[in-house]
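For reference, the structure discussed in these notes is given below.
The values are calculated or read from the model by the stated rules, or taken from the named source; none is laboratory data. Bear in mind the structure is a predicted one, so any value in this text is a computation, not a measurement. Please note: Cβ atoms are built from the backbone with ideal geometry, for glycine as well, and neighbour counts cover all protein chains shown. Just the protein is used for accessible areas: all its heavy atoms, side chains included, with ligands, DNA and RNA removed. Shrake-Rupley method; radii C 1.70, N 1.55, O 1.52, S 1.80 Å.
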Amino acid sequence: MTKRIIPCLDVKDGQTVKGINFKNLKYAGDPVSLARKYSSEGADELVFLDITATNDGRKTMLDVVERVAKQVFIPFTVGGGIKTIDDVRSLLLAGADKVSLNTAAVENPALIKQISDRFGSQCLVIAIDAKFIDNDFYVVTHAGQRKTNKTVLNWVKEIEALGAGEILLTSMDTDGTQKGFDLNLTAMVSKNTNLPVIASGGAGSNPDHFYDVFTKGAADAALAASIFHYNTLPIPDLKSALKQKNISVRLPS
């Protein structure tokens, strides 16, 4: 199976930002310009997360989504502030190929089945923010600020049964550290679900971080932000390094 490399645009107030463990956010560029760049460099997909929409109690910024969608010719996933079927419809009409739910799915699991039944599981990504607490991985919400009583594995089984199409798995413990993905978390989830798993949180400029998450972590895709935004590991260089290690990736034509 071909492994996917996915840049992530964390957007706040219409601009791309990046922090460590979702804190101390710094400006990282214009999302439309970055989207155009990544699409041309050979990214396999693009994820756009309006990271403060839920905490601000508002919907995702449709105007920015529309402008990004016009620049990319790869699958485009949008998340942040999605609470209803109408929110999903609006984002798909604005140009998103998939939507990503996190907090809303935890608070209203029935929404997963509603979206899957209406639009198909192929367009529904469930984002799971995980944190290691009391010797287990727990689901956290509201940009990592609230711990739930759901363990990650139990939640994975629940969302699969409800009709989720894919999992975006973020380790809150490694997010932004650039020290590598959480291989234990990723492997645990990948080996206990039939859904494709996108690993997120902790990618650094060492291509081995990606090699490890594809092999030891058994991930189907890997998502990163800072290393792509600041060009410390360009996508073509990363894919070339993975190809040399016999990881199947799609090289830009």
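When the residues of region 7-20 are filtered to those that are at pLDDT below 80 and under 24 Å from residue 211 (Cβ atoms), the one that is surrounded by the fewest Cβ atoms within 10 Å (Cβ to Cβ) is 20. Consider region 179-197 and keep the residues that are outside any loop (DSSP other than H, G, I, E, B) and of a type in the set (S, T, N, Q). The one that is most open to solvent (accessible area, probe 1.4 Å) is 184. So, residue 225, is that one in contact with a Cys (Cβ under 7 Å, 6 or more places away or on another chain) and buried (at least 16 other Cβ atoms within 10 Å of the Cβ) or not? Spelling it out, residue 225 is indeed in contact with a Cys (Cβ under 7 Å, 6 or more places away or on another chain) and buried (at least 16 other Cβ atoms within 10 Å of the Cβ).
For region 228-237: of the residues being part of a helix (DSSP H, G or I) and open to solvent by 10 Å² or more (accessible area, probe 1.4 Å), which is modelled with the lowest pLDDT?
In the first step, residues of region 228-237 are kept if they are part of a helix (DSSP H, G or I); the result is 228-229, 235-237.
Going one step further and asking which of them are open to solvent by 10 Å² or more (accessible area, probe 1.4 Å), we end up with 229, 236-237.
Details: 229: 83, 236: 96, 237: 96.
If we take residues in region 228-237 being part of a helix (DSSP H, G or I) and open to solvent by 10 Å² or more (accessible area, probe 1.4 Å), then 229 is modelled with the lowest pLDDT.
Could you run through region 198-213 and say how many residues are open to solvent by less than 10 Å² (accessible area, probe 1.4 Å) and among the aromatic types (Phe, Trp, Tyr)?
Within region 198-213, the first condition is being open to solvent by less than 10 Å² (accessible area, probe 1.4 Å), and the residues that meet it are 198-199, 201-202, 204, 210, 213.
From the residues that got through so far, the ones that are among the aromatic types (Phe, Trp, Tyr) too are 210.
Here the count works out to 1.
Candidates are the residues of region 136-172 that are among the charged types (D, E, K, R) and modelled with pLDDT of 95 or more; the one that is most open to solvent (accessible area, probe 1.4 Å) is 157. Only a single item in (1) in contact with a strand residue (DSSP E or B) (Cβ under 6 Å, 6 or more places away or on another chain); (2) modelled with pLDDT of 95 or more; (3) under 24 Å from residue 201 (Cβ atoms); (4) not aliphatic (A, V, I, L, M) is not met by residue 132, and it is number (1).
Taken as a whole, the structure leaves residue 191 outside the set of residues that are modelled with pLDDT of 95 or more and either acidic (Asp, Glu) or touching a helix residue (DSSP H, G or I) at 6+ places or on another chain (Cβ under 8 Å) (or both).
Check whether at least one residue in region 238-250 is open to solvent by less than 20 Å² (accessible area, probe 1.4 Å) and part of a strand (DSSP E or B), and report yes or no. Yes, some residue in region 238-250 is open to solvent by less than 20 Å² (accessible area, probe 1.4 Å) and part of a strand (DSSP E or B).
Determine, yes or no, whether residue 100 is among the polar types (S, T, N, Q), closer than 16 Å to residue 225 by Cβ and at pLDDT 90 or above.
Details: among the polar types (S, T, N, Q): yes; closer than 16 Å to residue 225 by Cβ: yes; at pLDDT 90 or above: yes.
When the stated conditions are applied, residue 100 passes them.
Kindly indicate whether residue 176 is in contact (Cβ under 8 Å) with a residue 12 or more places away in the chain, in a loop (DSSP other than H, G, I, E, B) and open to solvent by less than 10 Å² (accessible area, probe 1.4 Å).
When the stated conditions are applied, residue 176 does not pass them.
All told, residue 195 falls short of being of a type in the set (A, V, I, L, M, F, W, C) and more than 20 Å from residue 77 (Cα to Cα). Of all the numbered requirements in (1) open to solvent by 20 Å² or more (accessible area, probe 1.4 Å); (2) closer than 24 Å to residue 68 by Cβ; (3) in a strand (DSSP E or B), residue 83 misses one, and that requirement is (3).
Would you mind stating whether residue 36 is modelled with pLDDT of 85 or more, closer than 16 Å to residue 199 by Cα and open to solvent by 40 Å² or more (accessible area, probe 1.4 Å)? Break it down into steps so the answer makes sense when it comes.
Working: modelled with pLDDT of 85 or more: yes; closer than 16 Å to residue 199 by Cα: no; open to solvent by 40 Å² or more (accessible area, probe 1.4 Å): yes.
It is false that residue 36 is modelled with pLDDT of 85 or more, closer than 16 Å to residue 199 by Cα and open to solvent by 40 Å² or more (accessible area, probe 1.4 Å).
Taken together, the residues in region 144-164 that are in contact with a Lys or Arg (Cβ under 9 Å, 6 or more places away or on another chain) and under 18 Å from residue 80 (Cβ atoms) amount to 1. Among the numbered conditions (1) open to solvent by less than 20 Å² (accessible area, probe 1.4 Å); (2) at pLDDT 90 or above, the only one that residue 4 does not meet is (1).
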